[in-house]
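Let me begin by presenting the structure, written as structure tokens, before commenting on it.
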Amino acid sequence: KTKYSKLIFRKSDTVPEELHQMVQESFLTLREHNCLFQDLVRIKGKDFLTPVSRILIGNPGCTYKYLNTRLFTVPWPTEGYDIKYCSPQIHDACKALMTLNDYLHIEAVKALQEQNLFETKEIKDTTVIDREQSFATSLTEQGSVSKDQSDVCVPEDDRSLKNRTSYNLTLLNYMDPLQMLYLKQEPYFGMGNMAVSWHHDENLVERSVVAVYSYSCEDSAVEESNEQELKGRDPAVWHVGLKVAWDIETPGLAIPLHRGDIYLMLDDLNMTHQHCVLAGLSPRFSSTHRVADSSRGTLEYILGQCELALQNLKTDSDSMALSLKSLEAAVVKQVEEIHNEVEFEWLRQFWFQGKRYLKCTDWWLKPMAKLEEFWRKMEIMTSLVLSEVRKEQQIEEQRNETISCFLLLLKERQKLRKEWTAR
């Protein structure tokens, strides 16, 4: 109750049957159409293929980055966007996951409201006990204690609740443990085979709720183990594991997950705790709904950055020759940083994963073509900086300042290009 109070579990029978059916059909459709992919992720400078296959579905133009790999959403059908899917079945699958997203948003808001009420009640109860124990305390001091306590539990406004529960994407996971040659053992509590090791979810809005819908393709032979003497968790059943971060003294928690169960990680639980996924015997899907931090991760953001960089490029109206408006070190630095961001955070990340998104939709091809066009202009801007700093008439101090910051970014670009080529 004290260590894991922000983990909320909902059994499958609390979820509408119609929603179960839609969502579970969508999982199977995506698997049938080969839309789930293992990611090549980078950990401590080395590349690893994830044991779990994934697809990111969400708001058009949204991305999600984890372990140095950027995933690009297959957009769910959103009003005002022209999204062409490779088949009507993929459209229906994305629509079902959008419906699940709306349902989990409502559930997350309710769970946070309940948590706030509970915490408010607890603080009030503690205040009453404190008062009863403080016979010697003056009335004025008693008043100040209750005032301080009431400040602690100011109810959250609707906007804050909405920001922390308005899921902009879901990372869909699939794994068949019987297809895996080797699964790591959980190292601290003897919980058995892990499908996903202990971790915090990355790149999320602070204190946002993570909501997970779990669907294991259980058959009657695997659903429950009949061994009476079994200690600990049933190895046939999938579990979510939870532990206090950087603490192996506090007992870990393993909660069984059956077909259609849901769990929510509220508030700061993702920061204060780590979680893992413990493999059962049957294949399993999960839809993990997140409020991804989109401050630097949307198409709108990166197009805005490109337009900002290209403000320093001017075209002669007669000769159409290109030149730079400013050679100030700060301006050059900003442009070259954006140049690197477009190349390494967007273009290379997208094409590195090949044309796998085309199995679902071609939505990203036009934006990528636009980003490539901007990138080519920034390559010209880099050449223009080089030719300008070679000219003798530049003021030496300004020239040296421009060259030193410019060279740093060029070296970074060269290093990253070598790394990407090697990958």
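The values are calculated or read from the model by the stated rules, or taken from the named source; none is laboratory data. Just so we're clear, the structure is a prediction, and the values are computed from it rather than from any experiment. Ligands, DNA and RNA are stripped out before the accessible areas are found, and what is left, the full protein with its side chains, is counted by its heavy atoms. Shrake-Rupley method; radii C 1.70, N 1.55, O 1.52, S 1.80 Å.
Values computed for the structure shown
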read-out: Residue-span extension gain [Lys184 to Leu358] - 0.36 nm each, minus C-alpha spacing; value: 59.4 nm
read-out: Using distinct alpha-carbon pairs, which all enter the 1/r mean, Kirkwood radius of the chain in Å; value: 24.9 Å
read-out: Span from the the range 2-79 Cα centroid across to the the range 189-217 one, whole angstrom; value: 11 Å
read-out: Within the chain, helix-based [θ] at 222 nm, where runs of 4 or more DSSP H residues each add -39,500 (n - 2.57), nearest 500; value: -13500 deg cm²/dmol
read-out: Under Karplus coefficients 6.51, -1.76 and 1.60, residue-wise ³J(HN,Hα) of the range 413-423 in Hz, glycine/proline x; value: 5, 4, 4, 5, 5, 5, 4, 5, 4, 5, 5
read-out: In sequence order, calculated HN-Hα J values of the range 260-269 (Karplus, 6.51, -1.76, 1.60; Hz; x Gly/Pro); value: x, 6, 10, 9, 10, 9, 8, 6, 9, 4
read-out: Candidate residues His258, His239: accessible-area rank, largest first, probe 1.4 Å; value: His258, His239
read-out: Heavy-atom surface of the range 299-422, accessible at 1.4 Å and reported per residue (Å²); value: 57 Å²
read-out: With Cα atoms, 0 to 90° folded angle of helix 365-389 axis to the chain main axis; value: 50 degrees
read-out: Geometric extent, Cα atoms of the range 299-422 - Rg, Dmax (angstrom); value: 16.2, 55
read-out: Carbon and sulfur %, accessible surface of the chain computed with the full protein complex present, 1.4 Å; value: 53 percent
read-out: Degrees separating the helix 139-152 axis from the principal Cα axis of the chain, which is the longest one; value: 60 degrees
read-out: Highest-fluctuation residue, Tyr213, Tyr182, Tyr167 considered, GNM on the chain with Cα pairs under 10 Å; value: Tyr182
read-out: Placed amide H near Gln38: partners under 5 Å, 5+ positions off or other chain; value: Arg54
read-out: Solvent-accessible area of Ser282 with every protein chain in place, 1.4 Å probe, in Å² to the nearest 10; value: 10 Å²
